[in-house]
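Reading through the structure tokens given below for one structure.
The values are calculated or read from the model by the stated rules, or taken from the named source; none is laboratory data. Everything quoted here is computed from the prediction, not taken from an experiment. Cβ placement follows ideal geometry from the backbone for every residue including glycine, while neighbour counts extend to all protein chains displayed. Quick note on the areas: whole protein, heavy atoms, side chains included, nothing else; ligands and nucleic acids left out. Shrake-Rupley method; radii C 1.70, N 1.55, O 1.52, S 1.80 Å.
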Amino acid sequence: MSVTSLRSASRASAPKVTTQSIFEKKQRHEPITCLTAYDYASARLVDEAGVDMVLVGDSLAMVILGYENTLPVTMQEMLHHTAAVRRGTERALVIADMPYASYHVSKRDALRNATRFVKEAGAEAVKIEGGAKRVPLIARLIDAEMPVMGHIGLTPQSLHVMGGYKVQGKTLAAVEQLMKDAVALDRAGVFSIVLEGIPREVAAMITAEVEAPTIGIGAGPECDGQVLVFHDIMGLTFAPPAKFVRQYADLGAAIGQAIAAFKADVETRQYPSDAESYHLPKETKTALDTLLARRHVR
Ligand code: KIV
């Protein structure tokens, strides 16, 4: 059995991750894992590795589509990538990130957009940014049978209000506000809360206070789980990583070397070789040789 088929077999036998099983992990004090993925291949790799949750983050605006921030990515683009991730995922919980303006204009739009993620792209939950002010919307989404992941702290869709990507929750007033937001989301029934870019002490307090599992990114080790961006841990970004990123591979360098080797092989006629070429069937080759020989005689 190949490594790939072994991985697929273990994926098939592992139990499906649900919002309930994520909640139970917190109760058992077992760390929860989450990575972003944006296409079939990355989703399959993340799923086969046994990561609990796959987040189709709106970070795809930057790491996949090359935008400067997350604001321009559209519903259509997010749906397209979520559907690909769904096709690559069997076991992990698939969460779609609602993009900027898909839930900020009206509750009716928000509900319609969230249901599209479930109906058209196969998402099992949606994520929205923001604290207490999102409670009425969360109630509507849950009422429409959609599990919701909250997201507070450094919320990239509030980039212009925050005045840049800055660590949040540094003053006493800001800590109090974060705690209020976390409790409000928890009471509203979110199945988990992303805590991004906040001091570890604040994340630890929130984690101890709320029932929903907290999933940290730049929020220290006391969170119930951790999420990172796939391209950051694989070394596939073109900017220096943030302080909290641990890079586990340098795929950027590996891919660069592979591309250079392909280019050199083509330019020196070392690719493709005879073994990498298709050949005529024997009878066709014989008939062709005879035909060419006759033409040559004339
Ligand atoms: O868009 C994203 O990737 C995210 C996470 C990193 C939390 O929101």
Give the separation of the Cα centroids, the stretch 69-108 to the stretch 154-218, in Å. 21 Å
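How many Å³ per residue does the convex hull of the Cα positions in the stretch 96-209 occupy?
Details: hull volume 11.0 nm³, N = 114.
Once divided by residue count, the hull of the stretch 96-209 is 97 Å³.
Which value, in Å², gives the accessible area per residue of the stretch 3-250 when a 1.4 Å probe is used on the protein heavy atoms? All intermediate terms of the calculation are to be shown ahead of the outcome.
Details: 11580 Å² over 248 residues.
That works out to 47 Å² per residue.
Taking 25 °C and 0.890 mPa s as the conditions, I'd like the Stokes-Einstein D for the stretch 254-297 in µm²/s, using the Kirkwood hydrodynamic radius from alpha carbon pairs.
Working: Rh = 13.3 Å.
Estimated via Stokes-Einstein, D reaches 184 µm²/s.
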Say each of Asp265 and Thr286 gets a label point 7 Å from the Cα, pointing the same way as Cα to Cβ; how far apart are those two points in nm? 3.4 nm
How large is the convex hull of the C-alpha atoms of the stretch 118-162 per residue, in Å³? 84 Å³
In whole Hz, with x marking every Gly and Pro, tabulate ³J(HN,Hα) for the stretch 145-162 from phi via Karplus 6.51 cos²θ - 1.76 cosθ + 1.60, θ = phi - 60°. 6, 10, x, 10, 9, x, 7, 10, x, 7, 9, x, 6, 9, 2, 6, 6, 6
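Among residues other than His151 whose Cβ falls under 12 Å from its Cβ, what is the net charge (Lys/Arg +1, Asp/Glu -1)?
Values: positive: Lys127, Arg134; negative: Asp58, Asp97, Glu129, Asp181, Glu196.
In short, -3.
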Distance cut-off 18 Å, percentage of C-alpha pairs in the stretch 66-111 lying past it: 39 percent
Mean shadow area (nm²) of the C-alpha convex hull around the chain is 22.2 nm²
Carbon and sulfur together cover what percent of the accessible area of the chain at a 1.4 Å probe radius? 58 percent
The stretch 254-297 - accessible surface per residue (Å², probe 1.4 Å): 96 Å²
In debye to the nearest 20, the charge dipole size for the stretch 254-297, taken about the Cα centre with +1 at each Lys and Arg Cβ and -1 at each Asp and Glu Cβ, equals 240 debye
